[in-house]
Structures are given as structure tokens and as C-alpha cells.
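I have placed the structure first, in the form of C-alpha cells, so that the comments after it can refer back to it.
The values are calculated or read from the model by the stated rules, or taken from the named source; none is laboratory data. These figures come from a predicted structure and were not determined experimentally. Cβ placement follows ideal geometry from the backbone for every residue including glycine, while neighbour counts extend to all protein chains displayed. Side chains are part of the model used for accessible areas, which takes the heavy atoms of the whole protein and leaves out ligands, DNA and RNA. Shrake-Rupley method; radii C 1.70, N 1.55, O 1.52, S 1.80 Å.
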Amino acid sequence: MPALASHRKPRTRVRTTTPAVGLTTAALASVTLLSTQSATAAPAEPKPSIEEVQKKVDDLYRQAGTATQQYNKAKSASAEQRSKVDALLEAAAKRADKLNETRRELGNYAAAQYRGGSIAPTATFFLADDPQSYFDQDQLMARMTSQQQKTVADFRTQQKEAAAKRVEATKSLETLTESQSSLRTSKQQVQTKLTEARTLLSKLTAEEKARLAELERKKEAEAKRKAEELARQQAAAREKAEQAAKEEAAKEEAGTGTGTGTGTGSDSGYASKAEKVLDFARAQIGKPYVWGATGPSSYDCSGLTQAAWKAAGVDLPRTTWDQVEVGTRVATADLQPGDLVFFYDDISHVGIYKGDGMMIHAPKPGANVREESIYYMPIYGSVRPA
């Protein structure tokens, strides 16, 4: 009996240790799996610096400005094409009326023959849907009076004109559809870029927003410093020109001058217009920037310049891309009040120069019309519109 007891004891120990081995294996497997997943997981993207955020937001606003000009261009093209289509449809309707009138006249000739007792080949000609198919039958033409022949000739001409107008109107409608499609695409692009910019800014903490504001203040201060330097240079140039004019006047009084004069007539005419432009622009300060707007309660950049110059009696085109082609190009050093200053390589922004290196412009969404240094953005070039 002792030998049997000794035999059972080891079996009991084997059964109690088996579950422990299973649990340990599962635990090890879980740890190994977690370690593998941690090792293969993609590293988190580093958060952009405030400088990078500023650059990205500025770039998004610039892209929105470009899309705004595309929208303005498409809107102008759409409005112009709509007017053209309406005119063509009206012209086609008038030609159709004339065609029907001539057809009625031909019907009267046929009715007269019918009342005479028979429907002759000539009457068949008059009543046909397409009298032109009979036009080359000389024996029928010979039976008509000269008035009847003229009516047939008029009918033939009017048929051709009406058909041509219908074709032209159809093509114009197709172009209008394309313009409207482009308008919708540009509008979507503007909204997308602005949403991206707002989303990026909304993710900033209060501390990051304060740092971003500080960067903006430094950027504005540097732009103002450059504007003041330009103002000093322009003042020195004016003083030099005035001194030269006084010396020339003194020579003329002494009888030794060249008599060429100073040629200020055109300058004074431009200055008078520029004064009206700037008076208008100053009155808009504080009104919000709204992309695609042309006033009177809000403006985008080219909408403001267009409206300001219109107040001086000068019609400018709608977009920055077309406005830059108007008038005479001028160097930054030679800017005068009223001149238009364009920005960025894609010419997507414009402001009105007011003097001393400053301009009045409608800056961007979320901002109001204001005065600002022309050096706040990279200058593309400038023009004198009139």
C-alpha cells in the first residue's frame, strides 16, 4: 500500500501545474504582440512651428485671393455672355416674326389665286413649307409679279438669317454654360482655401495665437519701416525737382533759360483724379473684405480699386490681371497717390497708393479695408491708370 500512495502523488502535482504554464505562455504572447505593434506603429507627425503656421496661413489666403480673381473673371464672362445670349435670342425672335410675316404675305398671294378658281403651281409654291425648293424653277418665277418675286427673295434671305441666328444663339448658350461651370469651380476653390486657413488657426492654443500675433506685429513694423524709408526718398526727390524748377525759372527771368517749361499740366490733371480716388477709398475704410464683392457695403481688393477709380470717371476692368494692363507702368520709387500697386507673382492682390509708402486696400477675409504699408506683401509692379 505505501508503494501505491507514492505512485499517485506525482500525478496530482502534474495536474496542478499545467494551467499555470498555459497562462504564462498567453501572457508572454500578449506582451510580444504589443511590443511588435508599438515597434511598427508610424511615428506621430511633429506639430508645425508658429512660423510654419504663419507661412501656411498666408499662403492659403494668397491662394484664396487667386481663386477670387478667377471667380471675378468667370462672373464677368458669365454676365457678358448672358447679355450676348439675351440679345441673340431677341434678334432671333424678331427674325422669326419677320419670317412669319413674309410667309403670311406669300399665303395671301396663294389665297388670291384660290379665290380665282384654282390652285395653280404658283400657289403651291407660295404655300409650301420650303418655297426655296421651288426657287430655281424659272417657269414659276416668270408667272409672278415683281412684288411677288421680291417677297419670295425676302423670305429666302430671312430664312437664312433666322437659321444663322439660331445657330449663333445655341453656341453662345454653350459658352454661357462653360462660364457658369467655371464660376462654380472658382467659388468652391475660394471656400476650400478659406476653410483650410480657418481650420489651421482654430487648432492653435491661446499661447500660440499670442505668438502668431507677435510675428504679425513684427512683420507690420518692418513693412512700416520700409514705407518710411520710401517716403524719405520720395520727399528728397520732390525737393530736388522743386529746386531744379526754381533754378530754371530764375534762368528764364534772366533771359538765359532754355524755355522748355516743366510740363505740369498732365500731372495736375492726374492729381485731380487721384484726389477723388483717395477720397472714395478713405470713405470705405472699416468696411469688410468679402471675396467677389464690389461695394457699397463690402469689397474684395480689385472691387475696391475698380469702384474708387470709377468715382473719378475712369472705368477699370474687374480683375487684378486686367487692371495691371491698364495705363502706364511706374517704378516703386516714382509712385504717386492714386497709382495701383500689385502684389505676388500671380498678381492676385492690388491696393491704391496714398503716398509715403502707404496704400488703402481690402486685405483678406476677416479683415476690413484699411491703410497699410505697400511692403507688407511682395510687390509685383505698379501702374498709373489715367
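Show the residue pairs that are 6+ apart or on different chains and have beta-carbon atoms under 6 Å apart, the first residue being within the stretch 42-53 and within 18 Å of Lys219 (Cβ to Cβ), the second being at pLDDT 90 or above and open to solvent by 100 Å² or more (accessible area, probe 1.4 Å).
Ile50/Arg211
Condition check ((1) open to solvent by less than 10 Å² (accessible area, probe 1.4 Å); (2) free of Cβ contacts under 8 Å to residues at least 24 places away in the same chain) across all residues:
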| site | (1), (2) |
| --- | --- |
| Asp334 | no, yes |
| Leu340 | yes, no |
| Tyr344 | no, no |
| Glu372 | no, no |
| Pro378 | no, no |
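A quick yes/no check of all residues on (1) in contact with a Pro (Cβ under 8 Å, 6 or more places away or on another chain); (2) in a strand (DSSP E or B):
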residue	(1), (2)
Gly292	no, no
Gln306	yes, no
Gly313	no, no
Leu316	yes, no
Ala333	no, no
Met359	no, yes
Pro365	no, no
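As an exercise: evaluate Asp315 against (1) surrounded by fewer than 16 Cβ atoms within 10 Å (Cβ to Cβ); (2) free of Cβ contacts under 8 Å to residues at least 12 places away in the same chain; (3) of a type outside the set (Phe, Trp, Tyr); (4) closer than 15 Å to Gly65 by Cβ and give the number of the one condition it does not meet.
(4)
Can you list residue pairs whose Cβ atoms sit under 8 Å apart, with the first residue in the stretch 357-369 being under 21 Å from Gln63 (Cβ atoms) and the second being part of a loop (DSSP other than H, G, I, E, B) and among the acidic types (Asp, Glu)? Count only pairs 6 or more apart in sequence or on different chains.
The qualifying pairs are Ala362/Asp300.
Working only within the stretch 346-359, note down all residues that are surrounded by fewer than 23 Cβ atoms within 10 Å (Cβ to Cβ) and under 22 Å from the mean Cα position of the chain (by Cα).
Asp346, Ile347
Determine the pairs where a residue that is assigned to a helix (DSSP H, G or I), located within the stretch 214-229, has a partner that is at pLDDT below 95 with Cβ atoms under 6 Å apart, the partner being 6 or more residues away or on another chain.
Sorted first by the residue in the stretch 214-229, then by its partner, the pairs are Leu215/Gln54.
When you check Ala236 against the structure, is it at pLDDT 95 or above and either part of a helix (DSSP H, G or I) or more than 23 Å from Gly366 (Cα to Cα) (or both), yes or no? Steps first, answer last, please.
Details: at pLDDT 95 or above: no; either part of a helix (DSSP H, G or I) or more than 23 Å from Gly366 (Cα to Cα) (or both): yes.
So Ala236 does not fit the description; no.
(1) over 18 Å from Asp58 (Cβ atoms); (2) out of contact with any helix residue (DSSP H, G or I) (no Cβ under 7 Å at 6 or more places or on another chain): which one isn't true of Ala213, the others all being true?
Condition not satisfied by Ala213: (1).
Considering each of Lys171, Lys209, Lys203 in turn, give the residue that is out of contact with any Ser or Thr (no Cβ under 9 Å at 6 or more places or on another chain), open to solvent by 80 Å² or more (accessible area, probe 1.4 Å), under 30 Å from Asp97 (Cβ atoms) and free of Cβ contacts under 8 Å to residues at least 40 places away in the same chain. Explain how you work it out, then say what you get.
Details: Lys209 fails: under 30 Å from Asp97 (Cβ atoms); Lys203 fails: under 30 Å from Asp97 (Cβ atoms).
After applying the criteria, what remains is Lys171.
Taking the stretch 195-251 as the search range and keeping residues that are polar (S, T, N, Q) and under 30 Å from Gly355 (Cβ atoms), which one is nearest to the chain's Cα centre (by Cα)? Show your work before the answer.
Narrowing the stretch 195-251 to residues polar (S, T, N, Q): 195, 199, 202, 205, 233-234, 243.
Now drop any that are not under 30 Å from Gly355 (Cβ atoms), which leaves 233-234, 243.
Details: Gln233: 35, Gln234: 34, Gln243: 46 Å.
Selected residue: Gln234.
Within the set of pairs 6+ apart or on separate chains, which have a first residue in the stretch 65-90 that is within 12 Å of Gln180 (Cα to Cα) and part of a helix (DSSP H, G or I), a second that is of a type in the set (A, V, I, L, M) and open to solvent by 30 Å² or more (accessible area, probe 1.4 Å), and C-beta atoms under 7 Å apart?
Hits for this filter: Tyr71/Leu183; Ala74/Leu183; Lys75/Leu183; Ser78/Leu183.
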